[in-house]
Amino acid sequence: MTVEEILVDIQDISRIYYLGSSELKALNNLSCKVGKGDFLVIAGPSGSGKTTLLNIIGCIDKPSSGRIIFERKDITDISLDKLNPLRLNHIGFIFQSFNLIPVLTAYENVELPLLFKGLGTREIRELAEKFLHRVGIADKMHQRPSSLSGGQRQRLSIARALAGNPTLIVADEPTANLDRKNAESIIELMRELNKELGVTVVIASHDQMVIEHASSRLFIQDGSKLIRHE
Ligand SMILES: Nc1ncnc2c1ncn2[C@@H]1O[C@H](COP(=O)(O)OP(=O)(O)OP(=O)(O)O)[C@@H](O)[C@H]1O
Ligand SMILES: [Mg+2]
């Protein structure tokens, strides 16, 4: 990968969690590159450090040592607060438990981050409706998440993550709460959007089906890189 082709360059990071007087090294001198347009799956057993690594790639957590380069900019020493604009404008998040706002309708859930971005009313409406259509839940637009199925909620999270035109989507176990059929259609949808929009996708998952859909795979164990397949 040339420098221009790399979106996130993780260089020799460690992440230590401090619990009272004990320390837990969740990531141990790990390096990896996320290429632009990749559909990268981070796989490994429970407790291996997948979520920890994903949170660092998504700029919602910081490593204890090592460096992070995001689009050729070294962001290692920038505080998480100061990274808010980067997250808002460039990164979309999809979580296992959806993290939708229960009192808002599907439409309003998609609209909210676009309001934060300061887009105009008309543009927001167009984008929100476009992505709700694209993920196949336009007919549920005015319903709240509690009246949607698990698969529909995950489609809504995808619409919300993508409507802001992010460079990067990070998804933590996006299929964990879905049955097989829904899980497969969610991953296929994410893969299609990755190809269609060119958005880079990084997924943490131990689901074999998800791993099979990846364009590249990073296997980790005990916080260290085991192997990488392109
Ligand atoms: N906030 C935290 N404080 C202390 N230890 C933590 C914290 N978050 C994670 N850990 C520990 O760090 C290690 C890696 O956790 P992580 O959540 O990254 O694993 P994972 O690979 O995502 O696991 P899973 O497949 O179960 O989601 C685990 O041993 C975990 O107990
Ligand atoms: Mg995890």
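The values are calculated or read from the model by the stated rules, or taken from the named source; none is laboratory data. Since the model is a prediction, treat every value here as computed from it, not as a measurement. Note that each Cβ is placed from the backbone with ideal geometry, even for glycine, and that neighbours are counted across all protein chains shown.
Odds and ends about this structure:
- Qualifying positions in region 125-140 - crowded, with 19+ Cβ neighbours inside 10 Å and either in a helix (DSSP H, G or I) or among the aromatic types (F, W, Y) (or both): L127, A128, F131, L132, R134, K140
- Summed over region 170-199, residues that are in contact with a Leu (Cβ under 7 Å, 6 or more places away or on another chain), away from ligand 2 (no atom under 16 Å from the Cβ) and not in a helix (DSSP H, G or I) total 1.
- All of (1) surrounded by 18 or more Cβ atoms within 10 Å (Cβ to Cβ); (2) touching a Pro at 6+ places or on another chain (Cβ under 7 Å) hold for A204 with one exception: (2).
- Checking S64 against (1) surrounded by fewer than 22 Cβ atoms within 10 Å (Cβ to Cβ); (2) among the hydroxyl-bearing types (S, T, Y); (3) in contact (Cβ under 8 Å) with a residue 40 or more places away in the chain; (4) within 16 Å of ligand 2 (Cβ to nearest atom), the condition it does not meet: (4)
- Within region 82-100, being out of contact with any Gly (no Cβ under 9 Å at 6 or more places or on another chain), modelled with pLDDT of 95 or more and either exposed (fewer than 15 other Cβ atoms within 10 Å of the Cβ) or among the β-branched types (V, I, T) (or both) holds for one residue alone: K82.
- Conditions (1) modelled with pLDDT of 95 or more; (2) within 11 Å of the chain's Cα centre (by Cα); (3) of a type outside the set (D, E); number of the one not met by P174: (1)
- When R67, R72, R134 are checked against the criterion of being of a type in the set (K, R) and closer than 21 Å to L156 by Cα, R134 stands alone in meeting it.
- The residue that is farthest from L127 (Cα to Cα), among those in region 168-197 that are away from ligand 1 (no atom under 16 Å from the Cβ) and either in contact with a Lys or Arg (Cβ under 8 Å, 6 or more places away or on another chain) or among the acidic types (D, E) (or both), is D179.
Residue-wise test of (1) at pLDDT below 95; (2) within 16 Å of ligand 2 (Cβ to nearest atom); (3) not charged (D, E, K, R).
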| position | (1), (2), (3) |
| --- | --- |
| S21 | yes, no, yes |
| D38 | no, no, no |
| A43 | no, yes, yes |
| T51 | no, yes, yes |
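- Among the residues of region 101-115, those that are surrounded by 12 or more Cβ atoms within 10 Å (Cβ to Cβ) and not acidic (D, E) comprise I101, L104, T105, A106, Y107, N109, V110, L112, P113, L114.
- Residue satisfying all of: in region 201-230; small (G, A, S) and within 15 Å of ligand 2 (Cβ to nearest atom); modelled with the lowest pLDDT among these: G223
- Only one entry of E212, E173, E230 meets the criterion of being of a type in the set (D, E) and either surrounded by 16 or more Cβ atoms within 10 Å (Cβ to Cβ) or closer than 15 Å to Q96 by Cβ (or both), and that entry is E173.
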